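S.K.: Dumping the structure here so I can ask a few things about it.
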Amino acid sequence: MTDRSVTVVGGGLAGIAAALRCAQEGAAVTLLEARARLGGAVYSFERDGLRMDNGQHVFLRCCVAYRGLLRDLGAEDLVTLQPRLRITVLAPGGRRAVLGRGRLPAPVHLAPALLRYQLLGVRERLAVARAMQALRAVDRDDPAADARSFADWLDEHGQSAGAREAVWDLIARPTLNLASANASLAQAAQVFQLGLLGDAAAGDVGHATAPLSDIHDVAARRALAAAGVDVRLRHGATAVVPTDGGFLVDHRGGTGAIQTAFVILAVPPTRAAKLIPAATPASVPGPARPGTEINASALGSSPIVNLHVVYDRQVLDVPFAAGVHTPVQWVFDRTAGSGLRNGQYLAVSLSAADVELGESADGLRERYLPALAELLPAARHATVEVFRVTREHAATFRAAPGSRALRPGPRTLIPGLFLAGTWTDTGWPATMESAVLSGYAAARQILRATETRQPALSAPGA
């Protein structure tokens, strides 16, 4: 063992980012992953002769950490990023509107589209514009803002139920994985301030054009190998034991424990809590806050349900769209890269899907196929060739009021042991950006400890 050896437990985006950054700075890195692939909650699978993603994942132009990781993975050509924010919004009866940015600078870049947004009345549109200006002033680092619900703030600022559905929840629900009634004001402010209300280009939407595993497994393994990381798949860690000057990491799938100077636990909170050495205070939740144990049950989780629908013809004429006055939240054209030769493959993403999680596949089919036909006139005459449901029971932590106080920072009270994952305190809700930021934060702590931190770690998003 060298004094710069690092073992990263978990091969999701947080673990990939942490391992790659440590290796780039000269550490000897071992990455342990229990599954036979990398990518964690962002992956692909094969069904019905098609390559399907477990769920739809998007990023924004302001997600500089995730976009930087894509560059490091050599995977920029596997994603697309809008040149200018444009969200097609569909309503029953074939009605549609557009939310997007114009050529004006922030904060008025959204004004032209908002004023033309005919899914709301004129008074509602003006009220939304005033509320957006007010939201810019919310201090997202204020514990009082974290303790308050987003819905309470919207009510205070005169937002109707229609405005909440057609604008606020349209953005908040997929990014927070909670409806505004259940979400923290501070977490909502993070999304709107950084993604829509700051730099005019910040909210341009990006997404994968290839299967997710081509990026977060295939390209990631190639980049990690090139950086010298020892990636061990099917090697789930079972215990982390402190020793003089480091740790022993027991794991499945191999012989002998790994001796290492540093450990990064880039795993969900329930698993991290089990791997923390017994009888030791677990974590330091954030700067200048007292240490507490990881409380996964208090942090909670929120589910996502995804519907995979293959039609015998094209029914959606844009890359993606959002739904209003319908159970359909967001729908994406996933035909490219899936292997489908004829027809169109749509992925319907349902966030905060507590109700849908308990519905049968037949029940979801009976409810959502007619709803899609109401939004997409061409679907009324199309044949559904595949209908498949994937469920992520604990897709994200619950970004509920008070949740930030429960999110630990990268440091623990055990020297040399660090945490990473979307559930740690990055400021962001549980997004790919949060995952990468958390990995970089943990790596930065190790590099500081070894007095080898380089300027690259001070770059935006690092």
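S.K.: In the set ALA41, ALA17, which member is under 16 Å from ALA208 (Cβ atoms), not assigned by TED's automatic domain parsing to the domain that holds VAL310 and not aromatic (Phe, Trp, Tyr)?
M.R.: After applying the criteria, what remains is ALA41.
S.K.: Would you check which residues across segment 339-369 are closer than 22 Å to ALA179 by Cα and not hydrophobic (A, V, I, L, M, F, W, C) and list them? Working first, answer last.
M.R.: We begin by selecting, within segment 339-369, every residue closer than 22 Å to ALA179 by Cα; these are 347-359, 364, 367-368.
Those that are closer than 22 Å to ALA179 by Cα and not hydrophobic (A, V, I, L, M, F, W, C): SER349, SER351, ASP354, GLU356, GLY358, GLU359, ARG367, TYR368.
S.K.: Return a yes/no flag: does segment 30-39 have any residue that is surrounded by fewer than 16 Cβ atoms within 10 Å (Cβ to Cβ), over 24 Å from TRP330 (Cα atoms) and without any contact (Cβ under 8 Å) to a residue 12 or more places away in the chain.
M.R.: no
S.K.: Let me ask something additional. Run down GLU374, GLU356 and say which single residue is out of contact with any Lys or Arg (no Cβ under 7 Å at 6 or more places or on another chain), part of a helix (DSSP H, G or I) and over 19 Å from ALA91 (Cβ atoms).
M.R.: GLU356
S.K.: Going by the structure shown, is GLY254 over 22 Å from ALA394 (Cα atoms) and either of a type in the set (A, V, I, L, M, F, W, C) or more than 20 Å from the chain's Cα centre (by Cα) (or both)? Show your work before the answer.
M.R.: On the way: over 22 Å from ALA394 (Cα atoms): yes; either of a type in the set (A, V, I, L, M, F, W, C) or more than 20 Å from the chain's Cα centre (by Cα) (or both): yes.
Yes.
S.K.: Right, something else. With the checklist (1) more than 24 Å from the chain's Cα centre (by Cα); (2) assigned to a strand (DSSP E or B) in hand, flag the one item ALA395 doesn't pass.
M.R.: Among (1) more than 24 Å from the chain's Cα centre (by Cα); (2) assigned to a strand (DSSP E or B), the lone unmet condition for ALA395 is (1).
S.K.: In the set ALA400, ALA379, which member is at pLDDT 95 or above and under 14 Å from ASN177 (Cβ atoms)?
M.R.: ALA400
S.K.: Take VAL108 and decide whether it is closer than 30 Å to GLY427 by Cβ and without any contact (Cβ under 8 Å) to a residue 12 or more places away in the chain.
M.R.: So VAL108 fits the description; yes.
S.K.: Do we find a residue being loosely packed, with under 14 Cβ neighbours inside 10 Å and without any contact (Cβ under 8 Å) to a residue 12 or more places away in the chain anywhere in segment 46-62?
M.R.: At the first step, the residues of segment 46-62 found to be loosely packed, with under 14 Cβ neighbours inside 10 Å are 46-47, 49.
Within this subset, residues satisfying the condition of being without any contact (Cβ under 8 Å) to a residue 12 or more places away in the chain are 46.
Taking every residue of segment 46-62 in turn, at least one turns out to be loosely packed, with under 14 Cβ neighbours inside 10 Å and without any contact (Cβ under 8 Å) to a residue 12 or more places away in the chain.
S.K.: Further, regarding this structure: Count, please, the residues in segment 90-114 that happen to be of a type in the set (A, V, I, L, M, F, W, C) and not in a loop (DSSP other than H, G, I, E, B).
M.R.: 8
The values are calculated or read from the model by the stated rules, or taken from the named source; none is laboratory data. From a predicted model like this one, the values you see are computed outputs, not experimental measurements. Note that we place each Cβ from the backbone using ideal geometry, even for glycine, and neighbour counts take in every protein chain shown.
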